[in-house]
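Nothing in this text is a laboratory measurement; each read-out follows from the coordinates by a stated rule. Predicted model only: the values in this text are computed from it and were never measured. Cβ: placed from backbone, ideal geometry, glycine included. Neighbour counts: every protein chain shown.
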Amino acid sequence: MSLLQRLRRWLRPNRDQPVVVHSTAAEPVPHAQPKPQPAAPVAPEQTGIAEARASISVYYQDRFTESNLLPPQLFTAEVGAPFELTWHQLPGRLLSEVVGFTDHFINGKQKVILYYEESLAAPVIVYHRDTNHRLIAPPEYLLGNINAAFTAEALPDQRQHVQDKPEQRGIFTDTSQTITFTYELNQLESNPAPTSTYVHLDKAKAVFEQPQAEQPLATLLPAGSVWQVFILARETTNGTMWLNVGGNSWLTASDTTLQDHNPYILPTPSLDQPQLHFESQSSPFAHAAVIDGPSAGTMQWDAPYGQRLTRLANGTKVALLEERAFATSLWYQLQSGNWVQAEYLKIKY
């Protein structure tokens, strides 16, 4: 049987006879493949509550690098609900732009981006003053980015003398700020100098009107001069010694030498006091008298031409005991022992 006949028989088989298929190694019969089944339809996502809600994503990013400065925030709510954006202040940065701003939730997903830029703040000036408002150190300038925190500190070696806290904290802003630390430095201990205390100036010294004065007087005291010291004063904060050399003249004890005498003052020689002697004649005189002298009263003496005592008022009655006559004056001794000149008495004979 030819190949053509064989094919016809295969295509039109006899219904009464079974179809016999002879397979040879050269002509393999392919295996029947199952038909691909259509894919099952994907069920649509359920709608309803999800369709009635919306979401807003908020990003806080650097203006130039677009890197996140804070973790993004996701907000969800019903469509149409109001939305209030949180305005974060970031240290050292200013908010420069807002993209996608909205104040309501709308259908779908929304994105809001807040862009920040670094910004240098205005300086903070720190002053260090004493209780007389004088600067005791140069001002300090604190610099930083806006909204960043800063800490101002008192002088390290004067912290114990600060009136308030030795540290003050704040936030850098776009306007300059000032901070003042006030120090209790005018703490002086003063005492009178010992008798006969002098100071030798080892070099020319500036003179001040008072201890701790800011400006000295115009004239320097010359080196090698010696001055008497009347008051000693010491600053309790640093131990500086101040010497008062008369009036409102003060100088520090540095470059000076204390001594107990002034070598430029010669000792005063002792002088014999002249002995005064007046010739007089004395005689008993027992009479009464009345003081009659100047309106201020009559002076009493311990002896004729001796030491003055007290005055007696006019009209005072006295008893006289003795009369003493000098060449140019006449004196009477009272019962008290004091003496009065005769011209201030009205004697009753």
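Using all C-alpha to C-alpha distances in segment 280-348, build P(r) with 5 Å bins and read off the rounded percent in each one.
Taking every Cα pair in segment 280-348, the percentages come to 4, 19, 32, 28, 14, 3, 0.
Work out from phi, with θ = phi - 60° and the Karplus expression 6.51 cos²θ - 1.76 cosθ + 1.60, the ³J(HN,Hα) of each residue of segment 168-177, listed in order in whole Hz, and give x for Gly and Pro.
Going residue by residue, I get 9, 10, x, 10, 5, 10, 8, 10, 5, 10 Hz, with x marking Gly and Pro.
What FRET efficiency comes out for residue 99 versus residue 140 if R0 is 56 angstrom and r is the Cβ-Cβ distance? Round to the nearest 0.05.
Numbers: r = 41 Å, r/R0 = 0.72.
According to the calculation, E is roughly 0.85.
Per residue, what volume in Å³ does the convex hull of the Cα atoms of segment 124-183 enclose? List each step's numbers first, then the result.
On the way: hull volume 4.4 nm³, N = 60.
Looking at segment 124-183, the number lands at 74 Å³ per residue.
Aspartates and glutamates within cross-link reach of residue 111: Cα-Cα under 19 Å, excluding same-chain residues under 8 positions apart?
The qualifying aspartates and glutamates are 51, 62, 66, 78, 84, 97, 103.
Expressed in nm to one decimal, what extension gain is obtained for the pair residue 288 and residue 225 from 0.36 nm per residue of sequence separation less their Cα-Cα distance?
16.1 nm
Within 10 Å of each candidate Cβ there may be at most 14 other Cβ atoms; applying that plus a DSSP loop requirement, which GluC sites (Glu not before Pro) in segment 73-171 survive? Walk me through the numbers before you get to the answer.
Working: sites: 78, 84, 97, 117, 118, 140, 153, 167; in loops: 84.
In loop regions of segment 73-171 (DSSP not H, G, I, E or B), the sparsely surrounded GluC sites (Glu not before Pro) are 84.
Normalise the Debye intensity by I(0) for segment 136-280, one equal point scatterer per Cα, no solvent, then take log10 at q = 0.11, 0.16, 0.19, 0.21 Å⁻¹ and round to two decimals.
Evaluating at q = 0.11, 0.16, 0.19, 0.21 Å⁻¹ gives log10 I(q)/I(0) of -0.65, -0.92, -1.11, -1.25.
State, to one decimal in nm, how far the label point of residue 187 lies from the label point of residue 85, with both points 7 Å from Cα in the Cβ direction.
The two pseudo-label positions are separated by 5.6 nm.
Quote to one decimal, in nm, the extra length available between residue 209 and residue 120 on full extension: 0.36 nm per residue of separation minus the C-alpha distance between them.
Full-extension gain reported as 27.4 nm.
Within segment 301-336, name every residue whose backbone N is under 12 Å away from a label modeled 7 Å from Cα of residue 342 along the Cβ vector.
Within reach of a label on residue 342, which here means backbone N under 12 Å from a point 7 Å along Cα→Cβ, segment 301-336 contributes 323-333.
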